[in-house]
Amino acid sequence: MISSASREELSAEFGFPLDDFQMRAIDVLRSGESVVVSAPTGSGKTVVADYAIKQALFQGERAFYTTPIKALSNQKFSDLVNAHGREMVGLLTGDNVVNPEAPIIVMTTEVLRNMLYARSDSLVGLSTVILDEVHFIQDAYRGPVWEEVIIHLPHEIRLVCLSATVSNAPEVAEWMTTVRGVTRFVIEEKRPVELEMMVMIGDRSGQDSLLPIFSGSSINPRVQRMVESVSFRKGAKRQTGRRPLVTPRRIDVIEALKADDLLPTIYFIFSRQGCDEAAVTTARDLPALTTTDQRRRIAAIVEERVRDLSTEDLDVLGYDGFRHRLESGIASHHAGMVPPFKEAVEACFVEGLIQVVFATETLAVGINMPARSVVIDKLSKFTGEHHQFLSAAQFTQLTGRAGRRGLDDKGHAVLLWSPFVTIEQMAGLASSKSFRLTSSFRPTYNMAVNLVRAYPRDKARHLLNLSLAQFQSDRDVVKLESKVERKMQEMREHELSLHSPHGSPEDYLTLAQSQSARRSTASVSVIDDAISALRPGAVIHVDKGRYTGMATVVSTTRRARGWKVTAITSRKSLLQLSSEDFPEPPVPVATIDLPQPFTPTRQDYQRKVVERMVRSLRKGRVSASGIHRESRDASADTSVTSHLMNDSDLEDRLIEAQKILRIRKELPFLQEQVDKHTSSISRTFDRVLGILELWGYVDNWELTPKGDVVSRLFHESDLLVAECLHRGLLDELEAPALAAMTSVFVYEHRSSDPPPAPWFPSKEARSRWKSIESISSDLRQLEIHNHLLPHRSPDPTYVSVAYSWAAGEGFSEVIESEELSGGDFVRNMKQLVDLLRQFSLIAPSASTRREALRAGELIMRGVVEASSTISESA
């Protein structure tokens, strides 16, 4: 454990007292082991990561810091530049490559995964990898990437896994220990700032109440009395009693928080439009929440963030209204906003200049924006198909923003009374601590071809069986696979001992095998007769499992399946033997008198037996292995390996050779056990591989040229995209048309309203779309037939937008004609650029590679370019 002096030194180094969980995690790192840290949002998990990075730098090694999304990578890059200097930190995302040779590199987890499959030289000198937000492992799309990284990273690289509070962190650490080596877990359940759960109950008479939900561990009696005075009929509201309760208006909630000194607040609304409308009405109906100096500072921050946007672009984005609301202390924050606007909101909020932010749940993911209070507008959200009650994990993520460490004694989470949610439901959600991390691992086409490219067939299956999904569904398989790996490593270590100037390793194995063959000629009956003749106190040589050496017989018993021998080994432990454990009849080399009273299970008894056995063996000059050196020459097969007889270490090498032979016998049995537990993951892999073979991407565990393209293509519809490239459906197109046709793989229409009729720049483009649609339909049918999750169908809705923008049309014309939000436009364009950049490297046609590069350059302009750069202040 870390001493009090070291604790003081570390606290002085970081500039604040470290919490116990931080010290425990640092203690693990000092021991050279990997660690999983599970702690609430805002508790200071990054202190552990910072220490790991400093440790790597001190040792002259590299450290990688991975995050699930580019926005978090950019934010962490800025933090580390401020801490270590720009020359020490690099960044690798789809948008930016900054200082890639730096000792500290920040990247998305996908980038690291791709490095591992490519056997990148960047991994040389790497000692530490921080996996931030590792609870993303259960994300349906991104989750498998975390498991691939954990499984494929060399075991000597230390992992620091940072997670929000999960209830099964020990299980995750146990899995990592099984597949990588010792991994400790450190759990902190206590929030750094106490959280009080509140409910605001509206009253038609204007007497709104903001009350704690709990009194001790029970529901607040005052709240209980208020809500019990109201009853409802299913499907319609019917109130009885003295108080006509209503859901509070947002303006009333803000005024109540201001009156109770609970600002700044993050007000979560699960709708972009709802956030924008709330910001507009609140800014209109409330007096400004900022001072003159604050407004001046807000204006400076906003101008800095939008300096690369043209006046025309700002007009389209509603800049004047956005800035006015910010200067009044109110803002919205959601994925529909362009990154410069979102970054301005974040910067102002962090400086304490904004008092109210209406945000969707995307703000709860990783962005460092704590508040004094949070408000949750509703406890259910629309999934696109139906309304779904918040899970305990989602609720914890949202309320984790309440309470600023070092500024607030207490954080407040405010729920709004509703006739459709009982106070018991609120209390149950508020008190729930169940957040079990579950794997979403599944083999993909890209994963499959990379496994084929990088590993032999048996090794690839072995790696699949090491997944957390397999561990959680059937731990036996993971443990068996790990045992196979340990046996293989053990065999490699034994093989090192067989290198000598007297002969090759195969020579020693041949001699050992010859000795075993002679011993195996002894019939079972002869062995049984020899065992029956053994008496308690007989000292014999045994070779079972990991033990090879002398043992003293304490009992022999006749059983239906043969003889059973109980013996005490030189390691002072009991060993059970059967007839099958003796390749030749056991012959006593000595006899001792067993101690009395006869208590062979007691440790002191076993110690006395070993002492007497050692004394007896010394008198008889029997070697530690139990083989008489005088008989060595007699057992040698001079016709095959006579040259080995000059090896003074022959006896020891033969023991090593026997161990290798024994492992070789064990491995097929272990593999048979693995096969008996064949998992759904292995079956899924077989089906994925079957489609790849059917379509000509893999041939007899070898990648074809088509397969090589898929191995370097990272996209959720990877096989569809690769097949379209292979059939030339993206060839011989000028850059704007190529951008337009590529957009069908990027855009996804998510509105409940039907999409507009697609527009194509030419009849040829429309014809190609029909071919892409046909390939997708064939692939979906094949996937469904093979019980695989179908790929996302291509969508032509964005073709006109991509073509217009790549052809040079202005931002205002594109946005207004297509009724797009600025944030959606930028996000889709950046995803389009990412795929086009991949095409510029992997497309079979050289002309397509050139046009793809040009198309990406045409798109990367204006608001798209301004939303893709790292701030110079970093």
Relative contact order of the chain, pairs being alpha-carbon contacts under 8 Å that are 6 or more residues apart, as %: 11 percent
Charge dipole (the chain, unit charges on Cβ, about Cα centre) - positive-most of I815, I157, I655: I655
For peptides 195-205, 349-359, sequence by mean Cβ density within 10 Å, most packed first: 349-359, 195-205
Cα-projected label distance for E748 with S847, points at 7 Å along beta-carbon direction, nm: 3.4 nm
Virtual spin-label span in nm between F669 and S431, 7 Å along Cα→Cβ: 5.3 nm
Largest-first principal axis extents, alpha carbons of segment 1-129, Å: 44, 27, 26
Where the Cα pairs of segment 53-205 fall when distances are cut into 5 Å bins, in %: 2, 8, 17, 20, 18, 14, 9, 4, 3, 2, 2, 1, 1, 0, 0
P(r) weight above 20 Å for segment 308-439, C-alpha pairs, percent: 54 percent
Length added when fully stretched, S217-A12, from 0.36 nm per residue minus Cα-Cα: 70.0 nm
Sparse-neighbourhood loop sites, trypsin sites (Lys or Arg not before Pro) in segment 245-319 - DSSP loop, at most 13 other Cβ within 10 angstrom: R307
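For the chain, what does the accessible surface come to per residue with a 1.4 Å probe? Please give it in Å².
Each residue of the chain exposes 46 Å² on average to a 1.4 Å probe.
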For segment 248-363, convex hull of alpha carbons as volume per residue, Å³: 96 Å³
Total charge dipole magnitude, the chain, about the Cα centre, Cβ charges on Lys, Arg, Asp, Glu only, Debye to nearest 20: 3400 debye
Accessible area of E734 in the full protein assembly, 1.4 Å probe (Å², nearest 10): 140 Å²
Accessible area (Å², 1.4 Å probe, nearest 10) - C275: 0 Å²
Under 11 Å from the A454 label point (7 Å along Cα→beta-carbon), backbone N, segment 87-118: 112-118
Distant-in-sequence amide H partners of S34 (H built 1.01 Å from N, under 5 Å): L159, R184
Peptide ranges 658-670, 398-410, 335-347 listed from the most packed, as the mean C-beta count within 10 angstrom indicates: 335-347, 398-410, 658-670
Cβ charges +1 (Lys, Arg) and -1 (Asp, Glu), total dipole of segment 280-322, debye: 300 debye
Where only alpha carbons of segment 497-601 are counted, the Rg and the Dmax (Å): 15.9, 52
Reach of K45 by Cα under 24 Å, taken over lysines that are not fewer than 8 positions away in the same chain: K54, K70, K76, K190, K410, K433
Angle in degrees between helix 250-259 and the longest Cα principal axis of the chain, rounded to the nearest 10: 80 degrees
Dimensions (Å) - segment 137-221, Cα atoms, principal axes, largest first: 66, 29, 18
Over segment 651-804, volume per residue of the alpha carbon convex hull, in Å³: 175 Å³
Sorted peptide list for 321-327, 137-143, criterion being average Cβ within 10 angstrom, highest first: 321-327, 137-143
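Which order do K378, K190 take by accessible area at a 1.4 Å probe, largest first? Provide the component values of the computation, followed by the final result.
On the way: K378 125, K190 155 Å².
From most accessible down to least: K190, K378.
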Percent RCO, i.e. relative contact order, over segment 1-111, from Cα pairs under 8 Å lying at least 6 residues apart: 20 percent
Percent antiparallel among DSSP beta bridges (both partners in the chain, rounded to 5): 45 percent
Percent of C-alpha pairs per 20 Å bin, the chain, short to long: 12, 35, 31, 15, 7, 0
Globularity ratio of segment 735-872, using Cα Rg and 2.2 N^0.38 Å: 1.09
With every protein chain in place, the chain: carbon and sulfur % of accessible area (1.4 Å): 49 percent
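The values are calculated or read from the model by the stated rules, or taken from the named source; none is laboratory data. The structure displayed is predicted, hence computed values, not measured ones. We place every Cβ from the backbone using ideal geometry, glycine too, and count neighbours over all the protein chains shown. Note: accessible area is taken over every heavy atom of the protein model, side chains too, but ligands, DNA and RNA are not part of it. Shrake-Rupley method; radii C 1.70, N 1.55, O 1.52, S 1.80 Å.
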